[in-house]
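Engineer: I'd like to ask some things about the structure below.
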Amino acid sequence: MDTMAIFRFFTPERELEPLEVPPEGETRTTVYLNDLLGLESGREVSTEVKVEGSGIVAVERAMYFVYTSPETGKVMSGGTCSIGFGE
């Protein structure tokens, strides 16, 4: 069996259609959640990634944001990154 990364997306309202991505060896693939139907910008979403088949896959979840303080009006930008690894 070929390797397949299966992404499941959950909003507060419902689970969306899964996305299957066949990872290529020694390459990087980016999934832009804002480009997926039902996950437009500003939506709250949880993501699960499951790998089926043989192979080793590393997954990175990067999230970037711009925040404006309602008290001071100060604009701050930042982000987080989480990494998952499985074989």
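Engineer: List the chymotrypsin sites (Phe, Trp or Tyr not before Pro) within the chain that fall in a DSSP loop (any state other than H, G, I, E or B) and whose Cβ has at most 16 other Cβ atoms within 10 Å.
Structural biologist: Those that pass, being in a loop and sparsely packed, are Y32.
Engineer: Of all the accessible heavy-atom surface of the chain, with the other protein chains kept in place and a 1.4 Å probe, what percent is carbon and sulfur?
Structural biologist: It is 52 percent, rounded to a whole number.
Engineer: What is the extension gain from V31 to K50, computed as 0.36 nm multiplied by their sequence separation minus the C-alpha to C-alpha distance, in nm to one decimal?
Structural biologist: This chain segment gains 5.4 nm when fully extended.
Engineer: HN-Hα J couplings of segment 50-57 from phi, Karplus 6.51/-1.76/1.60, θ = phi - 60°, integer Hz, Gly and Pro as x?
Structural biologist: Karplus values, whole Hz, x for Gly and Pro: 10, 10, 10, x, 9, x, 10, 10.
Engineer: Top mean-square fluctuation among T68, T47, T11, Gaussian network model of the chain, C-alpha springs under 10 Å?
Structural biologist: Of the options given, T68 has the highest mean-square fluctuation.
Engineer: Relative contact order for the chain: what is it in percent, counting Cα pairs under 8 Å that are at least 6 residues apart?
Structural biologist: Taking the mean separation of contacting Cα pairs over the length of the chain, I get 28 percent.
Engineer: Moving to a separate point now. Skip the ligands, DNA and RNA, and give the accessible area per residue of the chain with a 1.4 Å probe, whole Å².
Structural biologist: Computed with neighbouring chains in place, this is 81 Å² per residue.
Engineer: Where does the charge balance sit around G38 when Lys and Arg score +1, Asp and Glu -1, over other residues with C-beta under 15 Å from its C-beta?
Structural biologist: -3
Engineer: Which whole-number percent of Cα pairs in the chain have a distance greater than 17 Å?
Structural biologist: 57 percent
Engineer: What does the charge count around S82 come to, taking other residues whose C-beta lies under 13 Å from its C-beta (Lys +1, Arg +1, Asp -1, Glu -1)?
Structural biologist: Net charge in that neighbourhood comes out at -1.
Engineer: In the Gaussian network model of the chain, springs joining C-alpha atoms below 10 Å, which of S77, S46, S69 carries the largest mean-square fluctuation?
Structural biologist: Comparing S77, S46, S69 in a Gaussian network model of the chain, the most mobile one is S69.
Engineer: Return the single residue from V66, V57, V31 with maximal mean-square fluctuation; model: Gaussian network over the chain, springs between Cα atoms under 10 Å.
Structural biologist: V66
Engineer: For segment 17-86, state which trypsin sites (Lys or Arg not before Pro) are in a DSSP loop and have at most 16 other beta carbons lying within 10 Å of their beta carbon.
Structural biologist: R28, R43, K74
The values are calculated or read from the model by the stated rules, or taken from the named source; none is laboratory data. Predicted model, so just to flag it, every value in this text is computed and none were measured. With ideal geometry, Cβ positions are generated from the backbone for all residues, glycine too; neighbour counts draw on all protein chains shown. When the accessible area is computed, the model is the full protein with side chains, heavy atoms only, and any ligands, DNA or RNA have been set aside. Shrake-Rupley method; radii C 1.70, N 1.55, O 1.52, S 1.80 Å.
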